[in-house]
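The values are calculated or read from the model by the stated rules, or taken from the named source; none is laboratory data. Everything numeric in this text was worked out from a predicted model, so none of it was measured. Here Cβ is always computed from backbone atoms with ideal geometry, including for glycine, and neighbour counts include all displayed protein chains.
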Amino acid sequence: MFIALGATGRVGSAVAIALLDGGEQVTVVTRDPRRAEPFARRSAAVAVADVRDADALRAVLRRGRRAFLLMPPADPAGDTVVEERRAMQAIARAVDGAGLEKVVVLSTYGAQPGEALGDLGVLHALEQAVAGTGVPTCVVRGAYFMSNWDFALELARGEGVVPSLFPPDLALPMVAPADLGRAAARWLVAEGEHAGVHHVEGPAAYSAADVARAASAALGRDVRVVETPRARWVETFRALGFSPSSADSYARMTATVVDGAYERPEAPERGPTTLAEYVARRVRRGA
């Protein structure tokens, strides 16, 4: 039995689907069983648990041999670092003593020690805490999610603009969430521990200008990038409903990306989905 956290999200759902497509027995963990109904219809077991409840999560993990773990996003209206560190600690406590033979942990390029770095510091702490339980831990660090542009695609459709905190021509490694999930599922079922850090990105690096070009082609209209200068990053996050601490933290995380303070692996696994393909699919679905 495989346990999958986050199965109602982009990456976690891809993990669960890949496991089910491979004929594996899967338990998906959710706080809202209604959202897990598509998996139940495919004969997956559904476990209702909050990952912040270490005892409840450990009881679920004990049902399986291997587990896919991820950090649920915190509400940016609160203190995201505090909330996510609380979840990180609960996940690690749940893994400890659950009897698992292997776990795959979702992380990100640029995960690094530090406070108030958005997800970067918390995900690095999650990597270390889970590995510290002694359970063989395969860390999958994904490049910048193509899905982070979904909101921009809505504005591209309505207003012909792609808002970006990044300079228009700054090329970044990116990955489609489904490709990342399928890669994680392969490591989860593979024989051997595969302990350590593994990187996954798409076929090429892409920029905000590439997003605009892909959106223009998919929508059949002119689309341009509108860059938000660094001095207005915190203000922009605040306007989106972020608390002061979360806005500052996410601005610092953005700076690590723009300043290139993340790893460049020599031989990452590469998913097949191009940015143009991802954008075209999202546009067809009404993003």
### Message
modelled with pLDDT of 95 or more, crowded, with 20+ Cβ neighbours inside 10 Å and not hydrophobic (A, V, I, L, M, F, W, C): is that true of Arg62 in this structure?
### Response
no
#### Entry: region 99-119, residues that are farther than 20 Å from Gly202 by Cβ and either touching a residue at least 60 places away in the same chain (Cβ under 8 Å) or buried (at least 21 other Cβ atoms within 10 Å of the Cβ) (or both)
Leu100, Lys102, Val103, Val105, Gln112, Ala116, Leu117, Gly118
### Message
Can you pull out every residue in region 6-52 that is in contact (Cβ under 8 Å) with a residue 60 or more places away in the chain, buried (at least 21 other Cβ atoms within 10 Å of the Cβ) and either β-branched (Val, Ile, Thr) or farther than 21 Å from Met71 by Cα (or both)?
### Response
Val11, Val15, Ile17
### Task
Inspect region 129-149 for any residue being over 22 Å from Tyr206 (Cα atoms), touching a Ser or Thr at 6+ places or on another chain (Cβ under 9 Å), modelled with pLDDT under 95 and not acidic (Asp, Glu) and give the result as yes or no.
no
### Query
Does Glu277 count as charged (D, E, K, R), under 27 Å from Val15 (Cα atoms) and over 21 Å from the mean Cα position of the chain (by Cα)?
no
#### Entry: Residues satisfying the stated conditions in region 4-39, i.e. under 16 Å from Ala183 (Cα atoms) and among the aliphatic types (A, V, I, L, M)
Ala4, Leu5, Ala7, Val11, Ala14, Val15, Ala16, Ile17, Ala18, Leu19, Leu20
### Failed item in (1) under 30 Å from Ala255 (Cβ atoms); (2) at pLDDT 95 or above, with Asp96 passing the rest
(1)
### Within region 61-100, considering residues that are within 19 Å of Gly142 (Cα to Cα) and assigned to a strand (DSSP E or B), the one farthest from the chain's Cα centre (by Cα)
Ala67
### Task
Output the residues belonging to region 101-149 that are closer than 16 Å to Glu263 by Cβ, of a type in the set (Gly, Ala, Ser) and part of a loop (DSSP other than H, G, I, E, B).
Gly110, Ala111, Gly114, Ala143
